[in-house]
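Data first, discussion second: the structure below is written as structure tokens.
Coordinate-derived values only; no laboratory data. Source: prediction; values computed, not measured. With ideal geometry, Cβ positions are generated from the backbone for all residues, glycine too; neighbour counts draw on all protein chains shown.
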Amino acid sequence: MTSGKYAFMSAYLKGAEAKIVTSEHIDRMSKTPSLQDVLETVKDTDIGGYLEKAVIKTFDDADKYLWKYFAGCLERVKWFKRVPADILKMLEAYIVKYDVLNIKAALQGISTGKRASLIPLGIIHGHGLLDELSQAEDVEAIKKVLVECKLGAYASALDGYAEGAKSKFLSEARLDLAYYANLLNIAKSIQDGFLLARAFSIMIDMANLQLISRAIIEGIGSEADELVIGGGYLVSDKVAKDLLSHKLADVSGALAGTQYRNIAEEVVASYNRTKSITAVEEVIDKHKFWLLREMLSPRVLTPLVIAWYLIVKEIEIRNLRLVLKATFDNIPVEEIKDYLVFAS
């Protein structure tokens, strides 16, 4: 019965993957597309069919519908009576990343005095407390929401938070630390967990590389060594902590002999060109996707199939958000193609 359930879910999830927005869809868009051009181009995809019924006048409208669509995809997976318990366990653990993103946004809202715009996904959203989180006026209010949602580990990550860029950075890193520790723990208890743990370990390497790059750029350096996430695949805790004392330009040399050297070099080039912290995240996210694709994409009849499905759908949402933002900003799609990532 269990193998039959995995066969059913693998067929469903792989079928859904076949209906995503691809590079061919993007190539068919004109260089100065209107919103209607974009929607017309993707109408043969699952998300395109969903957006045909949407009333979109601004990017915020589009953003709302994209997240509602993704939430609906996840709800459909949960709805199936034949979904294996391990897939549900994996889904629940993975989706906490949106709680982490929302907590970070709430912290930003406190520091700026502006109500945070949050993603309608995750445990907090499921408890109906997203508005309360977005309206939090201090860290204690955020922690109260987290405790109510049984996210105590993330509440603890905010202990000692104080105003200022450094404290915010350290708190965000502690949230990531708690999230990845939970993923590794979940992997121990499900089928093919050793393969899932390896995928999570690659994610941890990428998270540590992002932490290292940001810490160096923001002048925190070795002060962030306690925030290095344990359990990396190719970069040990010791190596990661040592990298914090390097200059950004020297990180790639220290990673010689690993497949991450090119990633570090691209991070430096992108940051030097843009002087933007977000450039670090964009480069690392792109390479993380390619690394995980090699490991997860071929896997079926295992909980790994849901991990790959989640990653693919996230990338699809990310790509469409970028395309639609460019459309509303009157930026040709050609100018943002380098920021897009595709499953094949």
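Quick one: if the Förster radius is 35 Å, what FRET efficiency do Leu129 and Asp37 give, using the C-beta to C-beta distance and rounding to 0.05?
0.35
Between segment 73-135 and segment 260-279, what is the C-alpha centre distance in whole Å?
Cα centres, segment 73-135 to segment 260-279: 29 Å.
Provide the per-residue ³J(HN,Hα) series for segment 307-324, in order, calculated from phi with Karplus coefficients 6.51, -1.76, 1.60 and θ = phi - 60°, each as a whole number of Hz, with x at glycine and proline positions.
4, 5, 4, 4, 5, 4, 5, 4, 5, 4, 4, 4, 4, 5, 4, 5, 5, 5
Compute the relative contact order of segment 263-344 as a whole-number percentage, counting only Cα pairs closer than 8 Å that sit 6 or more residues apart in sequence. Could the numbers behind the result be given before it?
On the way: 42 pairs, mean separation 18.2, N = 82.
So the answer I get is 22 percent.
Taking the Cα centre as origin and putting +1 on Lys and Arg beta-carbons and -1 on Asp and Glu beta-carbons, what dipole magnitude results for segment 63-162, to the nearest 20 debye?
500 debye
Of the trypsin sites (Lys or Arg not before Pro) in segment 190-278, which ones lie in a loop per DSSP and count no more than 13 other C-beta atoms within 10 Å?
Of the trypsin sites (Lys or Arg not before Pro), the ones in loops of segment 190-278 whose Cβ has at most 13 other Cβ atoms within 10 Å are Lys247, Lys275.
Under a crude label model (7 Å from the Cα following the beta-carbon direction), how far is Thr274 from Lys14 in nanometres?
Placing both labels 7 Å beyond Cα along the Cβ direction yields 3.5 nm.
Report the full-extension gain for the segment Phe328 to Glu226: residue separation times 0.36 nm, less the Cα-Cα distance, to one decimal in nm.
Working it through step by step, the gained length comes to 32.5 nm.
Give me the one-decimal nm value for the distance between modelled label points at Thr58 and Asn262, 7 Å along each residue's Cα-to-Cβ direction.
4.2 nm
Which distance in nm do the two modelled labels at Leu234 and Glu24 give, with both placed 7 Å along the Cα-to-Cβ direction?
Using points 7 Å along Cα→Cβ, the separation is 3.2 nm.
In whole Å, what three semi-axes, largest first, describe the equivalent ellipsoid of segment 4-129 built from its Cα gyration tensor (square root of 5 times each eigenvalue)?
Numbers: eigenvalues 140, 135, 25 Å².
Semi-axis lengths for segment 4-129 are 26, 26, 11 Å.
Expressed in whole Å with the largest first, what are the equivalent ellipsoid semi-axes of the chain derived from the C-alpha gyration tensor as the square root of 5 times each eigenvalue? Provide the component values of the computation, followed by the final result.
Numbers: eigenvalues 172, 124, 110 Å².
One finds semi-axes of 29, 25, 23 Å for the chain.
If the cut-off is 30 Å between C-alpha atoms, which lysines fall inside it for Lys81, apart from same-chain ones fewer than 8 positions away?
Lys5, Lys14, Lys19, Lys43, Lys53, Lys64, Lys68, Lys89, Lys97, Lys150, Lys188, Lys313
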